[in-house]
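The values are calculated or read from the model by the stated rules, or taken from the named source; none is laboratory data. Keep in mind it's a predicted model, so treat the numbers as computed, not measured. Because the Cβ atoms are built from the backbone with ideal geometry, glycine has one as well, and the counts that use them run over all protein chains shown.
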Amino acid sequence: MSFTKILIANRGEIAVRVIRTARSLGYPSVAVYSDADRAAPHVSMADEAVHIGASPAVDSYLNMAALLAAARKTGADAVHPGYGFLSENADFAQSCLEAGLTFIGPPASAMRAMGNKARAKMRMLAAGVPCAPGYLGDDQDDARLAREAEKLGFPLLVKAVAGGGGRGMRLVRSADELAQALIGARREALGAFADGTLMLERLIENGRHIEIQIFADAHGNAVHLGERDCTAQRRRQKLIEEAPSPVVNEAMRQAMGQDAVAAALAVGYVGAGTVEFMVDENLKHYFLEMNTRLQVEHPVTEMVTGLDLVQWQLLVAAGAPLPLAQSDIQFVGHAVEARLYAEDPYAGFAPQTGTVGWWRPERALSAGVRIDHGLAEGGEISPFYDGLVAKVIAHGADRDDAIRRLRAALDKAPLLGLRNNGRFLVDLLDHRAFRSAVMTTGMIDQWQERGEALLQRGEPGRLAWCLAAAVLAMQGGASWRAESVAAFDLPLQCGDALQTPRVCPDRRGRVLVTLGGEQYELTILEFSDGIVRFSTEGVVRRAWAVLRGQHLHLAVQGGVYEFAEVCAFPGADAGVDATRVCSPVAGKVTQVQVACGAQVAAGQALLCVEAMKMEMWLNAQSAGTVMAVHVEVGAQVESGAVLVELEIKANKES
């Protein structure tokens, strides 16, 4: 079972994470990459790299033949699947075995037993592990699913049996939502896992998501490494994870740990795995699923145990017994992880694509802080893969200590150039519901429905406006003006907000800014390498900024903003045009529900675009007639592309 070279069948921060440990143990590594990832950090970090196909995952990272060919070409004799993509695909594990490769993960038989959520729940029920009520049958007829849903009652979850990461899952609160949920979940599951089989599960409302990290070897040994609390989620996708859980006591930890280990042993499990539970308001746990791979959130477990779980994976795959017995595993302190996503929390968590303008996470590293990422400054965030770009993890003596360190790291490591959830994560860490450990898995979605302040885009404060004006004035943002102009108005826009500060710069970096009838003085002491040092009101401060044309991406006092100088002569097409429905992101058209000549009502769904494994429905802003449909299902579209054109009905005089 020994091996000498490891191919990592994954990308981004996942591949970087595995390469780091492989290198520390003396194993050469082979990276694979798609067209979109030619310049990705994991490609240059590995000892060798092989191009495996086009940008869509189905043509590259899900292409088993290309991955096996890459192993043959480079002489790799082991494959680490990372997490996501083919990491839980039993056919891939079996194909590696048949090709003479060591698969660094569980055997295919264990994957098949636990990879299918319905069959896994049946095994758990037989073993006496508590499970939430649901429908697990093979009859996938929509009418049968509707009858079973009525028996279970609402709300419930529609879930892909081969799913993971929240994909192929829909929350259904009433019978009239079921049909569309089945269509969407089945389509998403087919695209992500090539298996559209669905199951139903009663929703445990006001529940917490708590999972147990397990490890087993080929010698019959199995242990658990404690729990992780992954309750802070949006749309069933995790945002913040922590270990230990703030609601789990020692007795509960032992009970859940025993259930998790029993589940692993029941299927002959070998390697790293995660047994996930939903915990109700009475702290009673129910088996949710088992992920037969390492999890995105494994660093918090590493932080509190002091162990390298990828190292354990390599040891176990090479045939070694587990390094520690259950009684030897110690938990020290508290760890919290925040997932930095390329998404806009203030626009329904819509995926974002674009160029990374500034990203220097090493500047945020300090005692107890770790940042896992596979992102390069100047690189592109593409629509083809998951929107997770980095994980920021902090370890402290206790929960408050860890949260404080994590919050500081997020502040010091802004991602500039495209919208992301960094500010939202800081606000969530500060929220009373998180701090008091009363979060539930559906709470953030409820906040969004209610329009709570946490999910409303904040406007920049006075300091941000003045600093933006000063930087643009000093850096030539107003380059069309003659040098002889001593003071001038500088109309700026940030989101929907408009301000027109009057600026008066001098050659020594001092700028007088008049805003709202008041005058402020700022001195730009330094602006290089993305760092702005400036003084105002007798205080020297620091901010982060990057200029892209006439756009200034600015992070100051915890906020991240994009300022643009407003053109003095706007074009005729300025403003929102209700006659043109444009794609908000680069992505793939998955549904088109209108045709040329159709009459549509205001708010009616027209078509759906998928990017970063998230579906976005585009609606008519006004009633009218469809004059043109420029795309069909399956089309790849660029951000801003015109998809549908409408003729808007004129309002009739009463």
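Checking each residue in the stretch 404-416 for being aliphatic (A, V, I, L, M) and part of a helix (DSSP H, G or I) picks out Leu406, Ala408, Ala409, Leu410.
Residues that are in contact with a helix residue (DSSP H, G or I) (Cβ under 6 Å, 6 or more places away or on another chain) and more than 26 Å from Ala272 (Cα to Cα) within the stretch 199-222 comprise Leu200, Arg202, listed in sequence order. Counting the residues of the stretch 381-403 that are touching a residue at least 40 places away in the same chain (Cβ under 8 Å) and either hydroxyl-bearing (Ser, Thr, Tyr) or part of a strand (DSSP E or B) (or both) gives 11.
On inspection, Thr292 passes the criterion of being more than 21 Å from Met252 (Cβ to Cβ), of a type in the set (Ser, Thr, Tyr), in contact with a helix residue (DSSP H, G or I) (Cβ under 8 Å, 6 or more places away or on another chain) and buried (at least 16 other Cβ atoms within 10 Å of the Cβ). Here the stretch 301-324 is the region considered, the condition is being out of contact with any helix residue (DSSP H, G or I) (no Cβ under 9 Å at 6 or more places or on another chain) and in a helix (DSSP H, G or I), and the residue that is surrounded by the fewest Cβ atoms within 10 Å (Cβ to Cβ) is Leu315. Entry remark, the stretch 350-380: residues being surrounded by 17 or more Cβ atoms within 10 Å (Cβ to Cβ) and among the polar types (S, T, N, Q) number 2 in total. Residues that are acidic (Asp, Glu), more than 20 Å from Tyr269 (Cβ to Cβ) and either assigned to a helix (DSSP H, G or I) or more than 28 Å from the chain's Cα centre (by Cα) (or both) do occur in the stretch 88-98.
Taking the numbered list (1) over 27 Å from Ala318 (Cα atoms); (2) crowded, with 19+ Cβ neighbours inside 10 Å in turn, Asp142 passes all entries but (2). Checking Ala113, Ala99 one by one, the residue that is of a type outside the set (Lys, Arg), at pLDDT 95 or above and not assigned by TED's automatic domain parsing to the domain that holds Asp138 is Ala99 and no other. Take the stretch 398-422 and flag every residue that is of a type in the set (Gly, Ala, Ser) and either in contact with a helix residue (DSSP H, G or I) (Cβ under 7 Å, 6 or more places away or on another chain) or under 23 Å from Asp344 (Cα atoms) (or both). Those that are of a type in the set (Gly, Ala, Ser) and either in contact with a helix residue (DSSP H, G or I) (Cβ under 7 Å, 6 or more places away or on another chain) or under 23 Å from Asp344 (Cα atoms) (or both): Ala408, Ala409, Ala413, Gly417, Gly422.
Report yes if Gln550 is within 25 Å of Trp358 (Cα to Cα) and among the polar types (S, T, N, Q), otherwise no. Considered against the rule, which asks whether it is within 25 Å of Trp358 (Cα to Cα) and among the polar types (S, T, N, Q), Gln550 comes out as yes. The strands (runs of 3 or more DSSP E) falling completely within the stretch 586-633 that include 2 or more residues that are among the small types (Gly, Ala, Ser) and either over 30 Å from Arg236 (Cβ atoms) or at pLDDT below 90 (or both) map to 605-611, 624-629. Of all residues in the stretch 333-345, at least one satisfies being among the small types (Gly, Ala, Ser) and more than 14 Å from the chain's Cα centre (by Cα). The set of residues in the stretch 426-437 being of a type outside the set (Lys, Arg) and closer than 16 Å to Asp229 by Cα consists of Leu428, Leu429, Ala433, Phe434, Ser436, Ala437. Of all the criteria given as (1) in a helix (DSSP H, G or I); (2) crowded, with 20+ Cβ neighbours inside 10 Å; (3) among the aliphatic types (A, V, I, L, M), the one not satisfied by Ala160 is (1). Taking first residues from the stretch 186-198 that are under 16 Å from Pro56 (Cα atoms) and partners that are part of a helix (DSSP H, G or I), the Cβ contacts under 9 Å between residues at least 6 apart in sequence or on separate chains come to Gly191/Val58; Ala192/Ala57; Ala194/Val58. As a summary of the residue check, Ala146 satisfies the conditions (1) under 19 Å from Gly268 (Cβ atoms); (2) part of a helix (DSSP H, G or I); (3) of a type in the set (A, V, I, L, M); (4) in contact (Cβ under 8 Å) with a residue 12 or more places away in the chain except for the one numbered (1). Restricting the first member to the stretch 280-299 and to residues that are over 24 Å from Arg112 (Cα atoms), and the second to residues that are among the polar types (S, T, N, Q), the beta-carbon pairs closer than 9 Å and six or more apart or on different chains are Asp280/Asn206; Glu281/Asn206; Glu281/Thr440; Leu283/Asn249. Across the stretch 501-557, the qualifying residues are those that are in contact (Cβ under 8 Å) with a residue 24 or more places away in the chain and β-branched (Val, Ile, Thr), and the one among them that is surrounded by the fewest Cβ atoms within 10 Å (Cβ to Cβ) is Thr536. Summed over the stretch 112-132, residues that are within 30 Å of the chain's Cα centre (by Cα) and part of a helix (DSSP H, G or I) total 10. Taken over the stretch 325-355, residues that are closer than 29 Å to Phe527 by Cα and part of a loop (DSSP other than H, G, I, E, B) amount to 3. A Cβ distance below 7 Å, combined with a sequence gap of six or more or placement on separate chains, defines the contacts here; from the stretch 356-380, residues that are assigned by TED's automatic domain parsing to the domain that holds Leu547 and assigned to a helix (DSSP H, G or I) reach no residue that is buried (at least 20 other Cβ atoms within 10 Å of the Cβ) and at pLDDT below 95.
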